[in-house]
Structure formats: C-alpha cells, structure tokens
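Structure first, commentary second.
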Amino acid sequence: MDERAFYKESETKKAANLTCPFCRGSEPYDLRWLVRTKIDRLPGNADERDRAKFSKAASYMVLLDDKVMCKNMRCRKRFDISGVKTTAFL
Ligand SMILES: [Zn+2]
C-alpha cells in the first residue's frame with residue numbers, strides 16, 4: 001500500500017520572513033505548504049506491514065514553493081527560499 005493512502009492532502013499558506021539576497025530587504029512572504037494529515041483508520045485492505053507503517057506515520061507538511069519574488073518594488077527579483085525548514089511535523 002502506498003504511504004500516500006495514509007494521509008488526506010490539503011494546501012495551506014504560512015508567512016515566513018525572508019531576506020532577499022539582492023537588495024537585502026526582509027519581508028514576510030506567504031509560502032504554500034502541502035499538508036498531509038494522517039487519516040483516522042487504515043482502509044480495510046491493509047496488511048500487517050501497512051499497519052506497522054501506519055502506526056509510525058504522523059501528520060506533516062511539505063513546503064511547495066522554492067522561490068519567491070522580492071516585494072521591494074525597485075528589486076522584484078526572484079530568489080531561492082533558504083533558511084526555511086522544508087518539512088514540518090504537525
Ligand atoms: Zn530584493
């Protein structure tokens with residue numbers, strides 16, 4: 001059974017402070033996250049191995065964005081998101 005079957009997927013946005021490497025401006029940016037919420041119970045066709053994996057599974061979220069556009073009107077450059085954890089457990 002695919003591990004994805006253990007989760008319900010949804011999307012959320014969370015603000016993070018990022019510093020543009022070009023103009024050094026620091027602003028909050030809304031980053032998109034994919035939220036994987038663990039389902040309450042396994043589907044009926046799960047076997048012993050699935051149950052073991054399921055018991056260790058936990059809800060988490062993964063950062064979807066990898067770049068943002070600088071909010072500084074005079075800069076407007078795209079830069080890589082760094083310094084933000086790309087996975088987080090809920
Ligand atoms: Zn900038």
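The values are calculated or read from the model by the stated rules, or taken from the named source; none is laboratory data. What you see is a predicted model, and the numbers here were worked out from it, not measured in a lab. All Cβ positions, even for glycine, are placed from backbone atoms using ideal geometry, and neighbour counts span all protein chains on display. Heavy atoms of the whole protein, side chains included, go into the accessibility calculation; ligands, DNA and RNA do not. Shrake-Rupley method; radii C 1.70, N 1.55, O 1.52, S 1.80 Å.
Here are the numbers for the structure shown:
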| item | result |
| --- | --- |
| Elements of type strands (runs of 3 or more DSSP E) contained in the range 1-74, each with 2 or more residues being β-branched (Val, Ile, Thr) | 7-19, 26-38 |
| Which numbered condition Pro43 misses (of (1) more than 16 Å from the ligand (Cβ to nearest atom); (2) surrounded by 13 or more Cβ atoms within 10 Å (Cβ to Cβ); (3) of a type outside the set (Val, Ile, Thr)) | (2) |
| Number of the condition not met by Val84 [criteria: (1) outside any loop (DSSP other than H, G, I, E, B); (2) among the β-branched types (Val, Ile, Thr); (3) open to solvent by 30 Å² or more (accessible area, probe 1.4 Å)] | (1) |
| Of residues in the range 47-71 being within 16 Å of the ligand (Cβ to nearest atom) and open to solvent by 50 Å² or more (accessible area, probe 1.4 Å), the one farthest from Tyr7 (Cα to Cα) | Lys71 |
| Hey, Arg74 within 16 Å of the ligand (Cβ to nearest atom), out of contact with any Ser or Thr (no Cβ under 8 Å at 6 or more places or on another chain) and of a type outside the set (Gly, Ala, Ser) or not | yes |
| Residue that is surrounded by the fewest Cβ atoms within 10 Å (Cβ to Cβ), among those in the range 6-32 that are within 20 Å of Ala57 (Cα to Cα) and touching a residue at least 40 places away in the same chain (Cβ under 8 Å) | Glu11 |
